[in-house]
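First comes the structure, then the notes that go with it.
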Amino acid sequence: MTTCVVPYVGPTIRLGLRENAAQFSLLVLVNAFVGAMFGMERSLLPLIAEHEFALTARTALFSFILVFGLTKAVTNYAAGRWADRFGRKRILIAGWLVAVPVPFLLMWGPSWTWILIANGLLGVSQGLTWSTTVIMKIDLVGGERRGFAMGVNECAGYIAVAGAALATGWIAARYGLRPQPFYLGLVFVGAGLLLSLLFVRETAAHVALESTLRADAVHTLSAREIFRRTTFDDRTLSAVSQAGLVNNLNDGMAWGLFPLVFAGAQVSLDQIGTLVAIYPATWGIAQLGTGAISDRLGRKWLIACGMWVQAVGLMIVSLSTTFSGFAVGGVVLGVGTAMVYPTLLATIGDVAAPIWRSSAVGVYRFWRDSGYVIGALVAGVAADTLGLVRAMWLVAAVTFGSGVVVALRMTETLQRKTSP
């Protein structure tokens with residue numbers, strides 16, 4: 001496997017969260033802008049589809065999630081490989097450049113096709129930028145406090161998702177669905193690109209240093225071997241990959257169905273923005289605790305129980321008809337997702353050797369974001385044939401089953417960590 005890892009050349013390169021606090025904090029900020037780009041359309045696109053483009057069939061409406069998920073999944077895989085080959089920073093900058101046209105297309109796209117093109121570009125951008133910030137943070141912190149580091153990363157990203165969803169919902173309620181809410185996207189992409197160009201530093205030297213400290217680091221794997229190991233052969237990595245897929249399957253369902261369910265219950269546009277924000281906000285904030293908990297208590301049961309809590313949250317939303325009921329369901333769903341999200345990434349870091357870790361993260365994120373594609377198809381078809389509520393019950397059952405797979409197949413990884 002070809003890599004760009006450079007030799008460790010001096011004492012200035014150190015592993016650890018405290019030792020790399022400045023760069024780590026900068027990457028957290030960059031990832032917040034990545035999340036904001038994603039969040040700005042979460043409360044609006046389903047409504048734009050219905051009100052501006054007269055898309056009534058749920059499967060047609062869910063096309064924007066399918067396009068986003070497909071492009072992001074494929075790019076996630078490529079980002080892991082490219083980060084090894086060309087360097088992390090270059091891939092991060094490329095991701096921001098791809099995002100530049102997105103706000104303009106969302107503001108002025110004359111047909112639904114243009115909105116789909118915007119979501120395709122957004123998927124590519126998210127795959128490159130979010131994957132790379134995750135990989136770079138894992139590089140910086142080494143083996144210690146990996147769960148906490150991933151919790152901070154995902155917290156920043158999804159707090160920004162929630163904030164952007166809330167802000168665009170508020171703007172839309174006062175000025176209309178387009179173009180004003182998407183002016184924020186120009187700020188997000190400009191800030192993210194400038195920070196990445198001017199201040200983010202390459203982390204390949206940290207990988208080289210950690211590789212000297214792990215006995216498994218010298219064994220390289222081909223792209224095919226990494227894909228097979230992460231997807232099928234390693235019981236833990238495969239369990240993690242399927243859990244990530246199902247997690248984003250239900251997130252894709254929530255992205256598309258929740259605004260329609262809330263609107264069907266006669267909830268105002270302002271309140272829809274708030275409800276859409278509650279789920280990722282809870283998810284984001286709670287990750288600060290759940291990531292750290294996984295460093296102390298272990299990964300396996302936090303993931304399994306998190307999938308089961310998500311299933312309960314989906315059932316609460318499906319049974320509710322009022323703002324307060326929807327809010328409670330969103331909080332429960334957010335807590336369950338927070339238990340899972342940083343812990344899955346930390347598990348990849350526990351198991352994969354530094355020299356092929358970014359590629360393993362890419363494979364995992366490929367399967368995880370394929371969940372958006374499957375979720376869009378399943379939820380869209382189920383909503384058309386069974387109705388919105390039964391579609392959510394179906395996704396809740398799949399989510400519960402995913403937790404069972406983790407409980408039966410995954411091995412605890414916390415004891416595998418080696419301190420640098």
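The values are calculated or read from the model by the stated rules, or taken from the named source; none is laboratory data. Just so it is clear, the structure is predicted and the values come from calculations on it, not from any experiment. With ideal geometry, Cβ positions are generated from the backbone for all residues, glycine too; neighbour counts draw on all protein chains shown.
Observations on the structure shown:
- Every residue from region 342-357 that is crowded, with 24+ Cβ neighbours inside 10 Å and outside any helix (DSSP H, G or I): A352
- For F262, the criteria (1) among the aromatic types (F, W, Y); (2) closer than 20 Å to V406 by Cα; (3) in contact (Cβ under 8 Å) with a residue 24 or more places away in the chain hold in every case but one, which is (2).
- Screening L194 on (1) buried (at least 23 other Cβ atoms within 10 Å of the Cβ); (2) over 17 Å from A360 (Cβ atoms); (3) not polar (S, T, N, Q) shows it passes everything except condition (1).
- Checking each residue in region 230-283 for being modelled with pLDDT of 90 or more, within 22 Å of M307 (Cα to Cα), in a helix (DSSP H, G or I) and of a type in the set (D, E, K, R) picks out only R235.
- In region 158-179, the residues that are of a type in the set (V, I, T) and surrounded by fewer than 22 Cβ atoms within 10 Å (Cβ to Cβ): I171
- Counting only helices (runs of 4 or more DSSP H) that sit completely within region 140-229, those holding 1 or more residues that are of a type in the set (D, E) and at pLDDT below 85 correspond to 146-175, 204-211.
- Set side by side, the residues V363, V389, V340, V373 differ, and just one is touching a residue at least 40 places away in the same chain (Cβ under 8 Å) and closer than 21 Å to I293 by Cα, which is V340.
- Per-region count, region 108-139, residues within 30 Å of I355 (Cβ to Cβ) and either of a type in the set (K, R) or not in a helix (DSSP H, G or I) (or both): 1
- In region 292-334, the residues that are crowded, with 18+ Cβ neighbours inside 10 Å and not in a helix (DSSP H, G or I): R299, S320
- Subset tally (residues that are among the hydroxyl-bearing types (S, T, Y), closer than 17 Å to T322 by Cβ and under 22 Å from the mean Cα position of the chain (by Cα)) for region 228-275: 1
- Looking across region 85-133, the residues that are more than 22 Å from S43 (Cα to Cα), buried (at least 24 other Cβ atoms within 10 Å of the Cβ) and small (G, A, S) come down to G95, S131.
- Subset tally (residues that are hydroxyl-bearing (S, T, Y) and free of Cβ contacts under 8 Å to residues at least 24 places away in the same chain) for region 392-417: 0
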